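Here's the structure we're looking at; comments come further down.
The values are calculated or read from the model by the stated rules, or taken from the named source; none is laboratory data. Since this is a predicted model, take the numbers as computed values, not measurements. Positions of Cβ are generated from backbone atoms using ideal geometry, with glycine treated the same way; all protein chains shown enter the neighbour counts. Remember, those area values only see protein heavy atoms, side chains included, never the ligands or the DNA or RNA. Shrake-Rupley method; radii C 1.70, N 1.55, O 1.52, S 1.80 Å.
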Amino acid sequence: MAFSGALTITDLDDFLTPSQACIIPVRNKPSTTAEEGSTEIQIDSNNNYYEVSTYPTDNVNGGPGPSTMNGKKALEKAEINLNDCLACSGCITSTESLLITLQSQNEVLEFIQSNPTALDPNAPCHKPRLPILSISPQTLASLSAAYSSAQSRPTIPLLVLLRRVRAFLSRQEKGGWKVWDTTFARHMSLKETVVEYHERKDKKDKGKSTELPMLASACPGWVCYAEKAQGDMLHLLSNARSSQGIIGALAKDWYGHKMNHKPNEIYHVTAMPCYDKKLEASRSDFYSSLYSTRDVDCVLTTGELDLLLQELGFDPYLPVPNEDIPFSGQSEESPFPELLNHEGSSSGSYLATIIRDIQLSHSNPTKISTREIRGSTDNVEYLIHDLVSGEVLFKGAKVYGFRNLQNLVRKVNKETGLGKGGRSGAGAGKLSLAVAARRRKAKTAPSGTSGTSTPGESGLSDVDSISSLSLSSGEDKKLDFVEVMACPGGCVNGGGQMKPVSPSTAVNGTEGKMEVDEEGYTRPLPDDGTDIDIDKASKAKDGSLINSGVEEGMRWSTKEWVEKVEAIYWNGLPTPPPSPPLEASNINFKLYISEPKGHVDGPAQTNGHVDRNQQADLIAEQIVRDVCDNDSAKRWEFLRTRFRKVESDILAQGGVTLEAVKW
């Protein structure tokens with residue numbers, strides 16, 4: 001089973017084996033008091049464990065000796081659940097997912113068999129639970145790529161695949177599911193992220209304690225790592241719920257109330273590209289103690305959803321009526337607009353959404369410039385420049401993969417003074433200024449380049465020269481927002497995605513001879529990841545590979561496979577991106593603003609077509625009013641979450657140290 005974490009402890013595999021004992025039973029072992037005396041463990045014939053006191057006491061006959069009546073105590077078996085893993089710093093990897101044995105396709109199959117339906121004449125009289133399946137667009141894209149490669153047939157557009165899965169699972173004999181996608185929930189998450197960013201920015205502008213840069217928190221692998229190893233940075237993490245967190249609240253709180261179902265009368269399953277989403281669903285913020293239910297009852301990876309569909313007999317190439325006709329709004333099949341698109345990245349588009357909001361709200365024309373750090377497309381900085389004043393309005397970054405994430409942590413610690421090597425050290429600030437000055441000098445040298453092209457035929461040579469000056473001063477600008485993802489390549493390369501199909505396997509029929517993983521899939525790649533052709537790779541000054549054709553950390557995948565999934569993700573949606581992609585030299589002259597901001601009575605129309613994103617805004621606002629009733633506290637609980645620092649007791653008391661972790 002391939003997991004999404006890229007962390008590996010020295011001399012250990014990235015999974016728990018029976019020989020690697022968890023520290024929870026040891027840490028929770030009660031101390032022996034003087035009154036209790038020493039004890040020993042005894043096992044009876046039924047394999048029950050007892051703690052027997054060896055402290056000499058009077059026996060039943062009045063004489064001295066060990067008491068077997070009062071000194072024998074039955075012991076509870078040590079059980080390790082998910083909450084223990086989230087609250088424990090004994091593991092550095094994301095392998096807690098191995099302990100979630102219930103969240104799998106087998107649990108969903110058991111639910112389908114046990115949940116009474118109208119077709120079952122012997123069904124009990126109690127009310128059946130309403131099953132809902134929410135599928136991420138990354139999952140749909142990965143399934144489409146896998147189906148296409150396995151059967152050598154054209155790829156299936158995301159909308160068509162979603163409709164076919166819905167038509168299949170909505171049958172009563174298959175469980176009578178409601179099948180949604182998660183893009184509307186992502187739309188609400190993006191809106192809340194923008195709101196939160198402006199809240200933090202306003203505090204900084206007013207001179208209050210800053211909580212910038214704001215770090216995206218949609219990746220549960222990154223969140224788990226931050227809580228365990230970077231607790232001092234938690235206040236920088238965005239409190240906006242991820243798309244899974246919001247779709248869970250929508251299903252249980254809003255849709256359940258609309259359909260007269262209590263939260264515990266709904267069985268909500270999500271299909272995600274990442275194993276760590278199972279951890280996210282188990283957080284206490286997403287649990288209702290009143291109804292003893294979670295917002296998401298079960299999380300399936302893309303591979304597990306594929307196995308579930310195989311078990312049920314799904315044919316992805318069997319057409320259904322009206323499968324390619326997009327709905328403009330709410331419908332009986334889906335209470336939200338389907339497969340909304342957002343420009344930017346396939347990992348949520350959090351950075352792109354904030355950039356576009358700043359551009360649209362700024363009074364002057366703006367320009368975006370980008371810079372790849374060490375030639376990596378997984379580590380890119382974005383600058384927004386005012387083309388009139390030359391001011392750098394915003395500095396953001398896209399950081400994917402744990403190797404780049406570590407560099408981000410050091411950079412943020414340095415800028416904010418959180419880390420030991422931050423600005424609290426003597427001379428740290430002067431050193432930072434000196435480094436920035438050297439970089440500016442290097443960029444203005446005749447042989448150097450600014451890293452940003454000009455707009456060409458725009459006729460803004462004077463303004464553009466000002467902009468080029470501001471580009472050189474971008475080093476002095478601190479980060480404002482970072483889109484952070486643990487997986488190299490982002491969510492389309494999540495550890496739970498479908499594995500690439502080996503062409504040689506399909507042609508030669510050697511699949512039965514290949515190694516099979518725990519999900520039943522053949523392993524087309526070696527355990528140590530993909531092979532890198534050193535001859536085709538270039539090296540940075542520090543010896544690291546750049547532009548090698550195979551990205552670092554592409555475990556269980558290849559760059560070509562990820563590119564195929566990415567292409568399906570963007571091309572298989574019902575509508576194209578709403579505006580030009582974020583790239584260097586993208587100039588915004590307010591041409592993309594169709595009407596001023598503010599309350600509107602209905603969605604705008606362009607060439608007779610409804611603006612689906614603006615329509616989604618109206619539906620989202622109505623849902624928030626329905627659930628929260630203008631209560632700010634309820635709104636916060638509905639759209640946001642909290643993070644908690646995990647005390648590094650194990651790391652600090654002789655356990656595995658951070659220095660022993662390989663990245």
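Quick notes on this structure:
- Of the residues making up the range 183-241, those that are among the basic types (Lys, Arg) and either part of a strand (DSSP E or B) or at pLDDT 90 or above (or both) are Arg186, Lys191, Arg200, Lys201, Arg241.
- Qualifying residue in the range 426-435 (condition: outside any helix (DSSP H, G or I), of a type outside the set (Gly, Ala, Ser), at pLDDT below 85 and open to solvent by 20 Å² or more (accessible area, probe 1.4 Å)): no
- Members of the range 349-384 found to be among the small types (Gly, Ala, Ser), crowded, with 18+ Cβ neighbours inside 10 Å and in contact with a strand residue (DSSP E or B) (Cβ under 7 Å, 6 or more places away or on another chain), listed by number: Ser369, Ser376
- Note on the range 621-646: among residues that are among the aliphatic types (A, V, I, L, M) and over 22 Å from Pro337 (Cα atoms), the one that is least open to solvent (accessible area, probe 1.4 Å) is Val646.
- First in the range 103-114 and touching a residue at least 60 places away in the same chain (Cβ under 8 Å), second anywhere and in a helix (DSSP H, G or I) and not polar (S, T, N, Q), Cβ under 6 Å, 6 or more apart: Gln103/Lys278; Ser104/Glu304; Gln105/Glu304; Gln105/Leu307; Gln105/Leu308; Val108/Leu308
- Residues considered: Pro316, Pro337, Pro321, Pro326. Of these, the only one that is modelled with pLDDT of 95 or more and either open to solvent by 40 Å² or more (accessible area, probe 1.4 Å) or not in a helix (DSSP H, G or I) (or both) is Pro316.
- Every condition in (1) at pLDDT below 95; (2) in a helix (DSSP H, G or I) holds for Phe168 except the one numbered (1).
- Pair list, Cβ < 8 Å and 6+ apart or interchain, from the range 311-325 residues that are in contact (Cβ under 8 Å) with a residue 24 or more places away in the chain to residues that are loosely packed, with under 13 Cβ neighbours inside 10 Å: Tyr317/Gln151; Tyr317/Arg153
- Residue within the range 225-233 that is open to solvent by less than 10 Å² (accessible area, probe 1.4 Å), under 16 Å from the mean Cα position of the chain (by Cα) and closer than 30 Å to Glu333 by Cα present: no
- Where a residue in the range 356-377 is assigned to a helix (DSSP H, G or I) and its partner, wherever it lies, is β-branched (Val, Ile, Thr) and open to solvent by less than 70 Å² (accessible area, probe 1.4 Å), with Cβ under 6 Å and at least six apart: Asp357/Val194; Ile358/Ile384; Gln359/Thr366; Leu360/Ile593; Arg374/Ile546; Gly375/Ile546
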